[in-house]
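Structure, as structure tokens:
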Amino acid sequence: MLSVLHLYALVSISPVEIGEKPGFSGVVNGSFDTKRGNTDSQNYAAGVKLSYDNNQSYLMWGEFNFTYGEASGVKNANKTFTHLRYIHIIDDNLDWEAFIQSQSNEFTKVDERFLTGGGLRIHLNKERYGNLYFGLGGFYEYISYTTAVDENENNMRSNLYVAYKKEFTKDSKFSYVGYYQPKLGNINDYIISNAVELTILIYKQLYINFTISYNNDSIPAKDVKREDFSQKTAFIYKF
């Protein structure tokens, strides 16, 4: 049996701060898992995140990642994610931000989910206890499904989030982000997502990253489960 360690594509969820890493920077990761014999499967994943920080008033970044997998010749994963974001300082503890996002996931029957929106971000910096962020805003959402029974959606949603990061040492960092996104006019239609991660330096610019995530879509496509849980381990190269 041939087996390669199964890793997952991941771009760090850690919130970013203007002036933290001036100029251009990036994160790249990729993985594949192939098994033959008693188990027949293959999984591929990759991701990239590029940022520019002018070290004065704004920061912008974009990321893309994908995951594809098969087991015994049957596809069991096929999804993509693209996100672009711009953050601009208003004062020492307040920023405004705007974003565009596109994603797909064959196994939640989402052919395309497109978002565009923005809002305000409050930043509380306590060196001893870490950095805490609160976000308040909204976005437009368009969803097209892979099935004929699910109608396309055009929604306006509120966007509330909290993010936290704490550096234990220069070589290790803990992060959390949680989103609550209710549909305007129908609070029973909401999306909740949470993720925690621990990133540890291995050698020079190579890190190992552990992430646990939980997502809940109150009204998913027909026959799709509301909840998703995942645990991921990845090697990440930062430049």
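The table below lists the values:
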item: Condition check for A148: in contact with a Lys or Arg (Cβ under 8 Å, 6 or more places away or on another chain) and hydrophobic (A, V, I, L, M, F, W, C); result: no
item: Test result for I122, in a strand (DSSP E or B) and closer than 28 Å to N78 by Cα; result: no
item: Candidates S31, S104 - the one that is hydroxyl-bearing (S, T, Y), in a strand (DSSP E or B) and touching a Lys or Arg at 6+ places or on another chain (Cβ under 7 Å); result: S104
item: Lone qualifier among G118, G37, G73 - being out of contact with any Ser or Thr (no Cβ under 7 Å at 6 or more places or on another chain), under 22 Å from Y164 (Cα atoms) and not hydrophobic (A, V, I, L, M, F, W, C); result: G118
item: Every pair of residues 6+ apart whose Cβ atoms lie under 7 Å, when the first sits in the stretch 206-227 and is under 28 Å from G30 (Cβ atoms) while the second is outside any loop (DSSP other than H, G, I, E, B) and basic (K, R); result: Y207/K238; T211/K232
item: Residue that is modelled with pLDDT under 90, out of contact with any helix residue (DSSP H, G or I) (no Cβ under 6 Å at 6 or more places or on another chain) and among the aliphatic types (A, V, I, L, M), where the choices are A234, A221; result: A234
item: Test result for S72, surrounded by fewer than 16 Cβ atoms within 10 Å (Cβ to Cβ) and among the small types (G, A, S); result: yes
item: Pick from the stretch 27-60, criterion small (G, A, S) and surrounded by fewer than 15 Cβ atoms within 10 Å (Cβ to Cβ), ranking: modelled with the highest pLDDT; result: S57
item: Yes/no for L132 being under 16 Å from I18 (Cα atoms), part of a strand (DSSP E or B) and without any contact (Cβ under 8 Å) to a residue 60 or more places away in the chain; result: yes
item: Every residue from the stretch 65-105 that is among the charged types (D, E, K, R) and under 16 Å from the mean Cα position of the chain (by Cα); result: K79, R85
item: Candidate set from the stretch 110-135 (those that are farther than 22 Å from L59 by Cα and crowded, with 18+ Cβ neighbours inside 10 Å); member that is farthest from the chain's Cα centre (by Cα); result: V110
item: Top-ranked residue in the stretch 79-116 [being among the aromatic types (F, W, Y) and at pLDDT below 95; ranked as nearest to E151 (Cα to Cα)]; result: F107
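The values are calculated or read from the model by the stated rules, or taken from the named source; none is laboratory data. Treat the numbers as computed from the prediction; the structure is a model and nothing was measured. Every residue, glycine among them, receives a Cβ derived from its backbone with ideal geometry; neighbour counts consider all protein chains shown.
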